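Beneath this line is the structure, given in structure tokens, with notes to follow.
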Amino acid sequence: MITELPPTPRTVEELAAHVGGMVIGDKDRQITRCNGLTSAGTADISFLSNHKYAAHLNTTRAGCVVVGKDTVYMQRNDGWEPALIQTEDPYYSFRQILVLLHGFRAHPQIGISPLAVVAKSARIGERVNIHPFAVIGENVEIGDNTNIYPHVAIMADVRIGRDCIMYPSSVVYDQCVLGDRVILQAGAVVGCDGYGFATHQGIHNKIPQIGNVVLGDDVEVGSNTVIERAAMESTLIRAGTKLGNSVVIGHNCRIGEHNLLVSQVGIAGSASTGHHVVLAGQVGVAGHLHIGDMVRAAAQSGIAQDIAPNKDIGGTPSMDLKHARRVYMHFMQLPDLVKRLREVESELADLKNKSQP
Amino acid sequence: MITELPPTPRTVEELAAHVGGMVIGDKDRQITRCNGLTSAGTADISFLSNHKYAAHLNTTRAGCVVVGKDTVYMQRNDGWEPALIQTEDPYYSFRQILVLLHGFRAHPQIGISPLAVVAKSARIGERVNIHPFAVIGENVEIGDNTNIYPHVAIMADVRIGRDCIMYPSSVVYDQCVLGDRVILQAGAVVGCDGYGFATHQGIHNKIPQIGNVVLGDDVEVGSNTVIERAAMESTLIRAGTKLGNSVVIGHNCRIGEHNLLVSQVGIAGSASTGHHVVLAGQVGVAGHLHIGDMVRAAAQSGIAQDIAPNKDIGGTPSMDLKHARRVYMHFMQLPDLVKRLREVESELADLKNKSQP
Amino acid sequence: MITELPPTPRTVEELAAHVGGMVIGDKDRQITRCNGLTSAGTADISFLSNHKYAAHLNTTRAGCVVVGKDTVYMQRNDGWEPALIQTEDPYYSFRQILVLLHGFRAHPQIGISPLAVVAKSARIGERVNIHPFAVIGENVEIGDNTNIYPHVAIMADVRIGRDCIMYPSSVVYDQCVLGDRVILQAGAVVGCDGYGFATHQGIHNKIPQIGNVVLGDDVEVGSNTVIERAAMESTLIRAGTKLGNSVVIGHNCRIGEHNLLVSQVGIAGSASTGHHVVLAGQVGVAGHLHIGDMVRAAAQSGIAQDIAPNKDIGGTPSMDLKHARRVYMHFMQLPDLVKRLREVESELADLKNKSQP
């Protein structure tokens, strides 16, 4: 087991204190583990934040459940009463308890494997783990405590901060810069050539992509996600932004702070986003446009123009979300609308006939 | 050549017997190879199951063609008559003949390469091939006859069944479980961290993903497809399910048996499917919903609510497929519908004018 | 630095001569570097080809700007006058200057690393670079000057031309054929098994995929893009075609010359395209259809039928682009159209009431 030791048990009271929550029920119960509502046993703690699952609160065998401020369960007659920990933000509180009980993946402390290739000119920080078959290029800098898993390729002149994790087969092309606590999931590609061609007399001539990619602190890049290097200057992903899996970010994009770009989102070249933008799964964004701060786009939206800040949008082409919902409701009723139009036409023809002398 | 030996020739009669088919024409002809209808030569066998290609039956130079029960070709005047093998299910019969004549890729029998890294604590079955630069972590179990290609990373505590194939650069994160005869195509990622963040005061706090992924027997995972590990418990892909390329399966999904999830499908977290579900290319599925047994969704569908069993659906948002076809037909005629509405409005205004005293 | 030497400075006049352009302004200015309009300094050259950025021409600090034949800037009062180089095709001209000043990525000339595995039966050309941990299978042929980066796997019987670049973790399955000057970005997969299953009695039986993939000269394959091998015969990508990132090409597709298939495009099996086809981001193409020469499809289009040559198309299902624009305009106005229909119905009811005796 990577996580060698089982979690240390904690009482409900200790866990409540850890998240500033209020206990209802048995505060002395011992909790050893986090688990889902339907699978949890009496020594497990679970949570309820999605109302869809509220009914499980009356049947769960969990020893303890983290819930919202006003949430209680109905009288239970099955002889089991989960303790409740009520907090403002049960999802976040449960996350704090997960971190306390289980922590994050423990990375093998192997130092620099003799089976890795590390260029002599590379500068490697303290307590860095570099796994077998990783390749670290010329002049690369890697900060303290960073983990480089097998089959990672870091090309020349890359700068990587401290406490980063690069999972197997992730690739960073030359001259890219990664902040601190950056995570690349397996197969992520940072800094490949931008899709830049000058078409001349029917030939697509490749344009040298002389820029790079800069990832801010705390950026996470999902598995097999691709971030193109800039044609010139830098493709930017600012601090705190999390990319899902198989996302594609085109060259020269400037993605703001604390964005959530969910799996399979695609953003074409030179687009930019403000802070706290959320793009749900499979959203597409055209090139050279700007999405304002705090914009949230529903799954599969097609965004082809600038979006003002704070908008919730949806649909293809993307529209104000409330409007989009009305549009799609009518869209699904088109056969009925056409029938009504046909009836109107027919009645109108009747009326015209009658009104003729 | 990996496949060192050319296929052993078989007569049309032998092949027909192999698939329980009826021969029309020259049963003694020698067949050495499978090939497409338009490329096949007189020693090749081909098949016809898609009516789109029916005309080729009258021009093919194939020595033999596997066809449906009632299929024959028109009188040919070009001096060539392909033998026919008629069966109930010509596509499946042709597949049986392909397996007989050509077989599957022959994997190099190299044993455990001295250039692979295999943890001492790993338990490796009989006749396992582990290629150079593969990495097998602590406590990993690998069943008999499994093939591990170069640059595969198997992290700690993974259990892999027998007769599996893991192609280059596929990655399995710690604690995941793979059944027997599982195939990971190149770059597939099993068990990376789920996209789980608790947003608190504007910061997206990573939630430890302490669950795993469980793949049933005979699951195939396409190239660069990503299956996230569960936040807690397991993301499940049940037996016999085949995932295309660049598919993304979110954390805690439970995918049923014998599903076909075609390339670029995306399924958000905690969604589930019944058995024999088919999702065509680029379909998107929202989180926390259930798709019933035998549901089939057309390409690019956007599924945002539970789907009852046995439904054929299409469109965004997904609708009953027949309804969707009518909706999209009218959708494409919207300019005409608007014109008709305008005419109605204008005629109505005329009538009202006339009817005024 | 990979590119060890800074670019050699050139005068505006030299650069103009290189691209056959006409100079307006200071022809003796020394230019050392290419840069974007808003970042460029007085020794930098930039370009303007997208009218969206025209205003920057009046504020840029660039020493020189490549522009179209008729482009000049307004009188500037800020004491700086960029030299202009006017050409027919400023984007292509700027590309030529980029190549002159910066060139393409300089590949480390390392020869064949002793840490790579190269089968004895492989035939490797002159001046080939094979990086540590690359694996070259039996009977592989690699042409002169080709670069094979770390963690590349080339399976048996593959033929690769000269001047190719295979970036880290790209994979080529057995028996595939790559032309000259082919580029595989990181994680690209060429020749994995096609998604072929014969479903029989509820079981999806894998069909051996005995074909291969053939990539023409000058094909570029983006990061994590997947090209399936043919079931039989070959999946073809013809010369000069450029695939973006996370594209999926199904088995037996025949993609024409000089196509641009942008990121996340998905093409189902046995589809084909003519020459100079452009499919923008996230376009989906159904199987067994043909897209004619010079067709251009807007982003996210869903193409489910043959498309005649020279068409510009858009939408789902794909339509003539001009028609699609009208359709989507009305689509977004559906709530208003329904309101108008309701008014017509109501007025008609009034009229009918009145007209009754």
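The values are calculated or read from the model by the stated rules, or taken from the named source; none is laboratory data. Fair warning: this is a prediction, and the values are worked out from it, not measured in the lab. Cβ: placed from backbone, ideal geometry, glycine included. Neighbour counts: every protein chain shown.
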Segments classed as strands (runs of 3 or more DSSP E), wholly inside the range A:201-266, with at least 3 members that are more than 30 Å from B:Gly302 (Cα to Cα) and more than 9 Å from chain B (Cβ to nearest Cβ): A:203-206, A:212-215, A:234-237
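Yes/no per residue for (1) without any contact (Cβ under 8 Å) to a residue 24 or more places away in the chain; (2) touching a His at 6+ places or on another chain (Cβ under 9 Å):
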position: A:Leu101; (1), (2): no, no
position: A:Ile110; (1), (2): yes, yes
position: A:Leu115; (1), (2): yes, yes
position: A:Gly137; (1), (2): no, no
position: A:Val140; (1), (2): yes, no
Within the range B:148-160, tally of residues that are closer than 22 Å to B:Ala239 by Cβ and crowded, with 22+ Cβ neighbours inside 10 Å: 4
Condition met for C:Asp306 (assigned by TED's automatic domain parsing to the domain that holds C:Arg238, over 19 Å from the mean Cα position of the chain (by Cα) and of a type outside the set (A, V, I, L, M, F, W, C)): yes
Identity of the residue in the range C:306-355, among the polar types (S, T, N, Q) and more than 10 Å from chain A (Cβ to nearest Cβ), that ends up surrounded by the most Cβ atoms within 10 Å (Cβ to Cβ): C:Ser318
Residues being over 13 Å from C:Gly63 (Cβ atoms) and either touching a residue at least 60 places away in the same chain (Cβ under 8 Å) or hydrophobic (A, V, I, L, M, F, W, C) (or both) - total across the range C:25-53: 1
Residue within the range A:116-138 that is surrounded by fewer than 18 Cβ atoms within 10 Å (Cβ to Cβ) and under 24 Å from A:Gly222 (Cα atoms) present: no
Residue list for the range A:184-200, restricted to those being touching a Gly at 6+ places or on another chain (Cβ under 8 Å), in a loop (DSSP other than H, G, I, E, B) and within 12 Å of chain B (Cβ to nearest Cβ): A:Gln185, A:Gly187, A:Ala188
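To keep it simple, each residue is scored yes or no on (1) touching a helix residue (DSSP H, G or I) at 6+ places or on another chain (Cβ under 7 Å); (2) facing another protein chain (nearest Cβ under 9 Å).
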site	(1), (2)
A:Met74	yes, no
A:Glu81	no, no
A:Phe133	no, yes
A:Asn147	no, no
A:Pro150	no, yes
A:Gly161	no, no
A:Ser170	no, yes
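Residues checked against (1) farther than 21 Å from B:Ser272 by Cβ; (2) modelled with pLDDT of 95 or more; (3) aliphatic (A, V, I, L, M):
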| site | (1), (2), (3) |
| --- | --- |
| B:Ile303 | no, yes, yes |
| B:Ala308 | no, yes, yes |
| B:Lys311 | no, yes, no |
| B:Thr316 | no, yes, no |
| B:Lys322 | yes, yes, no |
| B:Arg326 | yes, yes, no |
| B:Met329 | yes, yes, yes |
| B:Leu334 | yes, yes, yes |
| B:Val344 | yes, yes, yes |
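Quick check on this structure: which one of C:Ser121, C:Ser93 is more than 8 Å from chain A (Cβ to nearest Cβ), modelled with pLDDT of 95 or more and assigned to a helix (DSSP H, G or I)?
C:Ser93
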Condition met for C:Glu88 (over 25 Å from the mean Cα position of the chain (by Cα), surrounded by fewer than 19 Cβ atoms within 10 Å (Cβ to Cβ) and in a loop (DSSP other than H, G, I, E, B)): no
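For (1) in a helix (DSSP H, G or I); (2) of a type in the set (Ser, Thr, Tyr), each residue gets a yes or a no:
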site	(1), (2)
C:Pro7	no, no
C:Glu13	yes, no
C:Val23	no, no
C:Gly41	no, no
C:Tyr73	no, yes
C:Leu98	yes, no
C:Arg105	no, no
Condition check for B:Arg181: of a type in the set (D, E, K, R) and not in a loop (DSSP other than H, G, I, E, B): no
Residues of the range B:168-201 that turn out to be more than 24 Å from the chain's Cα centre (by Cα) and either over 26 Å from A:Leu261 (Cα atoms) or polar (S, T, N, Q) (or both), as a count: 3
Filter pass, B:Glu126 being assigned by TED's automatic domain parsing to the domain that holds B:Ala188 and either acidic (Asp, Glu) or touching an Asp or Glu at 6+ places or on another chain (Cβ under 8 Å) (or both): yes
Selection within the range C:11-21 - touching a residue at least 12 places away in the same chain (Cβ under 8 Å) and either aromatic (Phe, Trp, Tyr) or out of contact with any helix residue (DSSP H, G or I) (no Cβ under 7 Å at 6 or more places or on another chain) (or both): C:Thr11, C:Val12, C:Glu13, C:Ala16, C:Gly20
Counted residues, the range A:287-305 - those being more than 9 Å from every other protein chain (Cβ to nearest Cβ), crowded, with 17+ Cβ neighbours inside 10 Å and among the polar types (S, T, N, Q): 1
